[in-house]
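Below is one structure, written out as structure tokens, with a few remarks after it.
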Amino acid sequence: MTGLVREQATILVADDDPDMLRVTAAILNRSGYRVLTAMNAEAALKAFEEAPHAIQLVISDVVMPGMKGPQLIRSIKSLSPSTATLLMSGMSGTLGIALNASAASIEKPFRMPALVAKVQDLLAGCDFAKIDLEQSIVRSQRPAANGDDVKHAPSHSLDEIEHPR
């Protein structure tokens, strides 16, 4: 994979700790990635399903209110098995859960070089074309916006999802 492809990768980060979310997004942005963030797993899953373009990597905290990180990862993998996933936790003993979710793991707090190296390794193993195909199928199966059977849930994109610059 070339550096150009790597830098075009889109990463979705979910963490209920706003400071950790901001720091993680800043590290990834400075490393050349496009980053989407979500304050919880539910918002992350919604962002993943509604993203206008493919997301190559999902990074999630293990322990969050509501849906936990491993549940998010399983949901993502059921939609797009080729998407790379990374679970992070600052609580000792919780990273073993990453194995059950088929995700790589990193312990918080982490240093910038450790996170960047982990992300580069995960993206190096990604088949970007396959991920794009899987996620385009997910996007094509979304109900039409004006369909009679569509239930409109409150939008969380402005309150819960931030697109750091």
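The values are calculated or read from the model by the stated rules, or taken from the named source; none is laboratory data. Being a predicted model, the structure only gives us computed values, none of them experimental. FYI the Cβ positions are ideal-geometry reconstructions off the backbone, even for glycines, and counts take in every protein chain you see.
Annotations
Yes/no per residue for (1) closer than 24 Å to residue 124 by Cα; (2) of a type in the set (S, T, N, Q):
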site	(1), (2)
11	yes, no
16	no, no
21	yes, no
26	yes, no
34	yes, no
40	no, yes
43	no, no
46	no, no
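- Selection count, segment 14-43, where residues are part of a strand (DSSP E or B), farther than 21 Å from residue 91 by Cβ and among the hydrophobic types (A, V, I, L, M, F, W, C): 2
- Leading residue by the ranking (surrounded by the fewest Cβ atoms within 10 Å (Cβ to Cβ)) among those in segment 65-91 that are touching a strand residue (DSSP E or B) at 6+ places or on another chain (Cβ under 6 Å) and among the small types (Gly, Ala, Ser): 84
- Within segment 59-149, helices (runs of 4 or more DSSP H) holding 3 or more residues that are in contact with a Cys (Cβ under 7 Å, 6 or more places away or on another chain), modelled with pLDDT of 90 or more and on the phi > 0 side of the Ramachandran plot: none
- Residue pairs whose Cβ atoms lie under 7 Å apart, separated by 6 or more positions or on different chains, with the first residue in segment 103-119 and surrounded by fewer than 18 Cβ atoms within 10 Å (Cβ to Cβ) and the second among the hydroxyl-bearing types (Ser, Thr, Tyr) and in a loop (DSSP other than H, G, I, E, B), are 116/31.
- Complete set of residues in segment 32-49 that are surrounded by fewer than 18 Cβ atoms within 10 Å (Cβ to Cβ) and in contact (Cβ under 8 Å) with a residue 40 or more places away in the chain: 49
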